[in-house]
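All remarks here apply to the structure that follows.
The values are calculated or read from the model by the stated rules, or taken from the named source; none is laboratory data. As the structure is a computational prediction, the values presented were derived from the model and not from experiment. We place every Cβ from the backbone using ideal geometry, glycine too, and count neighbours over all the protein chains shown. The accessibility values were calculated without ligands, DNA or RNA, using every heavy atom of the protein model including side chains. Shrake-Rupley method; radii C 1.70, N 1.55, O 1.52, S 1.80 Å.
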Amino acid sequence: MSPLKITFLGSGTSSGVPMIACECEVCTSQDKRDNRLRSSILVQSATTTIVVDSTPDFRYQMLRAKVKHLDAIIFTHPHKDHIAGLDDVRAYNFFSHKPMNIYANEMTQMAIIREFPYAFAESKYPGVPDIQIHAIDLEPFSVGDIDIIPILVWHMQMPVLGFRFGNFTYITDANRIDLAEQEKIKGSKYIVLNALRHEKHISHFTLGEAVSMVKSLNVPIAYFTHISHQLGLHAVINQELPAGMQLAYDGLMVEC
């Protein structure tokens, strides 16, 4: 597989950071790394461009990253903060004159069709999104020249897909990874893992749990994402992390 450039389009939890109406030190921070749109990444090879999840901030994320062409969106799971921006693929339809390819498991497909029924109606209103759904499960697949290995993780009782792109593994919205799926991750040079806050959560890794998982997987470079304002200031928390680990932030780029 050709070299990849990964850009963090968003690194925040479902409410984003700053959170509406909050005046805590994180939400009022002047450090731009404490401004977090909803979690998503841009994956680019020489010939192919993919986004993981279409967040409620999708339109602004595409504008901010200057993404003029998009080949596909692949989805981790059907929660609103990961699918809500899908309507804005209309702009890509308009300029490419082609449907947008999306890749999702059956559960996520059902949610997308339920949330955007007008895009899948037999008789479509002019200008609605033109979407082509591709079903995925745990079998490896490719988009253009980018090879992708799905990884099953658990968001409490909800199955969520993480994805491995070459030596880069991306996992969000998880609090458990079974041993068999951990084997798919091992050998990665980079891992992205959700780390919501310090306090225990019903369906997300805490920062401490995420650090322990990275150590057990023996991946040398880790970035933590899906961060809430409860975790603390980026500059403070980053200094406390073990070597090779850091908080992700919007706009961070990794070449691998």
Sorted list, accessible surface of protein heavy atoms, 1.4 Å probe, largest first, for Ser14, Ser123 is Ser123, Ser14
quick note, region 76-154, DSSP beta bridge pairs, % antiparallel (nearest 5) is 40
For region 37-195, the per residue accessible area (1.4 Å probe, Å²) is 45
For Met245, other-chain or 5+-apart residues with amide H closer than 5 Å (H placed, Pro excluded) are Ala222
Normalised Cα Rg of region 211-256, dividing by 2.2 N^0.38 Å with N its residue count, works out at 1.17
Heavy-atom accessible area of Val254, protein chains in place, probe 1.4 angstrom, given in Å² to nearest 10, is 10
Rounded to the nearest 10 Å², the 1.4 Å probe accessible area of Cys256 is 40
Of Val52, Val211, Val160, the most mobile residue in a GNM of the chain (C-alpha springs, cutoff 10 Å) is Val211
Rg from C-alpha atoms of region 169-256, normalised by the globular rule of thumb 2.2 N^0.38 Å, equals 1.01
For the chain, the accessible surface attributable to carbon and sulfur atoms (probe 1.4 angstrom, ligands and nucleic acids excluded) amounts in percent to 54
Largest first and rounded to whole Å, the semi-axes √(5λ) derived from the alpha carbon gyration tensor of region 67-135 read 18, 15, 10
GNM of the chain, Cα pairs under 10 angstrom: of Pro56, Pro220, Pro129, the biggest fluctuation goes to Pro220
Rounded to whole Å, √(5λ) for the Cα gyration tensor eigenvalues of the chain, largest first, gives 28, 21, 17
Counting sequence-distant residues (5 or more places) and residues on other chains, those with an amide H built under 5 Å from that of Thr169 are Tyr190, Ile191, Val192
A convex hull over the alpha carbons of region 22-112 yields, per residue, a volume in Å³ of 115
A student asked for the Cα radius of gyration and Dmax of region 110-177 in angstrom ought to give 15.4, 43
Simple SL model, points at 7 angstrom along Cα→Cβ for Lys200 and Ala91; separation in nm is 4.4
Between the Cα axis of helix 106-115 and the main Cα principal axis of the chain, the angle (0 to 90°, nearest 10) is 70
Checked against a 30 Å limit on the C-alpha separation, the offending pairs among Lys68/Lys200; Lys32/Lys66; Lys32/Lys184 are Lys68/Lys200; Lys32/Lys184
For His198, the residues 5 or more places away or on another chain with a placed amide H closer than 5 Å to its own amide H are Leu207
Of the convex hull drawn through the C-alpha atoms of region 159-200, the volume per residue in Å³ is 79
The ³J(HN,Hα) series, computed from each phi in region 45-53 with the Karplus coefficients 6.51, -1.76 and 1.60 at θ = phi - 60°, rounded to the nearest Hz and given as x for glycine or proline, is 9, 5, 10, 9, 10, 10, 10, 9, 6
Computed over region 101-252, the relative contact order (Cα-Cα under 8 Å, seq sep at least six) in percent reads 14
Of all DSSP beta bridges having both residues in the chain, the percent classed as antiparallel (nearest 5) is 55
Of Tyr60, Tyr170, ordered by accessible area with the largest first and a 1.4 Å probe, the sequence is Tyr60, Tyr170
